[in-house]
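Just below is one structure, and these are the notes that go with it.
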Amino acid sequence: MEEFAGGKRYNSFTGYFKRQYGERLQKVVIDAGFTCPNRDGTVGRGGCTYCDNAAFHPSYSSPDKPLSEQIDEGISFHRVRYRNAINYLAYFQSYSNTYAPLPVLKERYIAALSHPSVAGIVIGTRPDCVDGEKLDWLSSLKAGDVLDGWSRIIGGREYHAPIVMVEYGIESCYDRTLARINRGHDFACARKAVCMTAERGIPVGAHFIFGLPGESREMMLDETDMINALPLTSVKFHQLQIVKGTAMEREYASSPGDFAVFTLDGYLEFFADVLERLRPDLYIERFAGEVPPRFVNVTPWGLVRNVELLRMLDSKLEERGTWQGRLTDFHRFRRQ
């Protein structure tokens, strides 16, 4: 009987880098000073209706600091918890990190990779902010054709090319929802970007939000078929959290009935249903989010931390006797 790593009932992203490279690689969030096309007027103004970047990136990550300084502070922050970490990944998280001309992107990516403790980059961006030229360069970077003399020892082995991954904020598979939350792109755009990236051998992640206005529980479950059809390596899921001062806070106040609100146990049950429908080779990088309490008016789940949520999900799957991929045509893992 084949098992998921760590005895889990789902394909957890935890330990992915250790299995791939022989050691833990911790992401260090950096802010490279980019913006988004739905903020600067290219496709819209105001950004996504749910978004406040300050609610999800750490204090050391600030665009007024050089990238090297942000990385140094991020490493110091993480070494409190991960004392044995040697190599890190520079995580370009804030806003859209391919939204600039290619020469600007090259300069900032190479600046991060020049830090002696950085073994690779993870680039968070929007589907409408990539093109063939940018992805071709990233593919060359990943293949070792860009940085002459670059090397890192990872897990006792020497590598002459950096790790390169791309994460797309997709948020929903429904065009009506994407328009309502002011994304400025449709799902076809997301599908194209994911396929273009995967075709170049670059691992692709995607982010989705459960509970966006106008989406029923059944609609959210039906999204799994569309997600399964994408050539993704990993997925992140978050429950919607209403952040103070956002357009979505005002929308929720005026039309609360348009939102599917989850209790904690209800979300665990719902996400177990999602996992059953997801193909089992998809790595689950996150299934719920934590916004610092100061950014929200209410914390309906209390102050439960992510590690406890993971334990509760394990218990829920065990209680139900289920696992990731149980209801799909894709599953290769079987349990009795």
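Data table
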| item | result |
| --- | --- |
| Subset of the range 189-208 (residues that are open to solvent by less than 10 Å² (accessible area, probe 1.4 Å) and touching a residue at least 60 places away in the same chain (Cβ under 8 Å)) | Ala190, Ala193, Val194, Thr197, Ile202, Gly205 |
| Hits in the range 293-329 (condition: within 21 Å of Gly6 (Cβ to Cβ), assigned to a loop (DSSP other than H, G, I, E, B), in contact (Cβ under 8 Å) with a residue 40 or more places away in the chain and not β-branched (Val, Ile, Thr)) | Trp323, Gln324, Gly325, Arg326 |
| Pair list, Cβ under 6 Å, 6 or more apart: the range 91-104 residue modelled with pLDDT under 95, other residue in a loop (DSSP other than H, G, I, E, B) | Gln93/His57; Ser94/Asp31; Ser94/His57; Tyr95/Phe34; Tyr95/Thr35; Tyr95/Cys36 |
| Residue check, Lys316 modelled with pLDDT of 95 or more, in contact with a strand residue (DSSP E or B) (Cβ under 8 Å, 6 or more places away or on another chain) and either surrounded by 12 or more Cβ atoms within 10 Å (Cβ to Cβ) or closer than 27 Å to Glu199 by Cβ (or both) | no |
| Sole exception among (1) more than 27 Å from Leu89 (Cβ to Cβ); (2) surrounded by 20 or more Cβ atoms within 10 Å (Cβ to Cβ); (3) of a type in the set (Asp, Glu) for Asp186, by number | (2) |
| Residue that is farthest from Val204 (Cα to Cα), among those in the range 16-31 that are open to solvent by 20 Å² or more (accessible area, probe 1.4 Å) and in contact with a helix residue (DSSP H, G or I) (Cβ under 6 Å, 6 or more places away or on another chain) | Arg24 |
| Among residues of the range 37-65, those that are touching a Phe, Trp or Tyr at 6+ places or on another chain (Cβ under 8 Å), closer than 28 Å to Asn87 by Cα and open to solvent by 30 Å² or more (accessible area, probe 1.4 Å), counted | 2 |
| Matching option when the condition is more than 30 Å from Ser114 (Cα to Cα), hydroxyl-bearing (Ser, Thr, Tyr) and touching a helix residue (DSSP H, G or I) at 6+ places or on another chain (Cβ under 8 Å), among Thr246, Thr224, Thr177, Thr197 | Thr224 |
| The range 14-42, residues that are free of Cβ contacts under 8 Å to residues at least 24 places away in the same chain and part of a strand (DSSP E or B) | Asp40 |
| Which listed residue, of Arg279, Arg294, is basic (Lys, Arg) and within 18 Å of the chain's Cα centre (by Cα) | Arg279 |
| Residue within the range 244-257 that is of a type in the set (Phe, Trp, Tyr), in a helix (DSSP H, G or I) and farther than 18 Å from Leu310 by Cβ present | yes |
| Which listed residue, of Phe92, Phe77, Phe34, is of a type in the set (A, V, I, L, M, F, W, C) and open to solvent by 20 Å² or more (accessible area, probe 1.4 Å) | Phe77 |
| Residue ID - surrounded by the most Cβ atoms within 10 Å (Cβ to Cβ), chosen from residues in the range 116-139 that are farther than 10 Å from Thr197 by Cα and among the hydroxyl-bearing types (Ser, Thr, Tyr) | Thr125 |
| Single match in Glu290, Glu218 (criterion: assigned to a loop (DSSP other than H, G, I, E, B), without any contact (Cβ under 8 Å) to a residue 24 or more places away in the chain and open to solvent by 60 Å² or more (accessible area, probe 1.4 Å)) | Glu290 |
| Test: residue in the range 115-127 that is at negative phi, among the basic types (Lys, Arg) and free of Cβ contacts under 8 Å to residues at least 60 places away in the same chain | no |
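For (1) closer than 21 Å to Ser12 by Cα; (2) among the β-branched types (Val, Ile, Thr), each residue gets a yes or a no:
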| site | (1), (2) |
| --- | --- |
| Asp186 | no, no |
| Phe208 | yes, no |
| Thr224 | yes, yes |
| Val235 | yes, yes |
| Ala260 | no, no |
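The values are calculated or read from the model by the stated rules, or taken from the named source; none is laboratory data. Not measured: the values here are computed from a predicted model. Because the Cβ atoms are built from the backbone with ideal geometry, glycine has one as well, and the counts that use them run over all protein chains shown. Note: accessible area is taken over every heavy atom of the protein model, side chains too, but ligands, DNA and RNA are not part of it. Shrake-Rupley method; radii C 1.70, N 1.55, O 1.52, S 1.80 Å.
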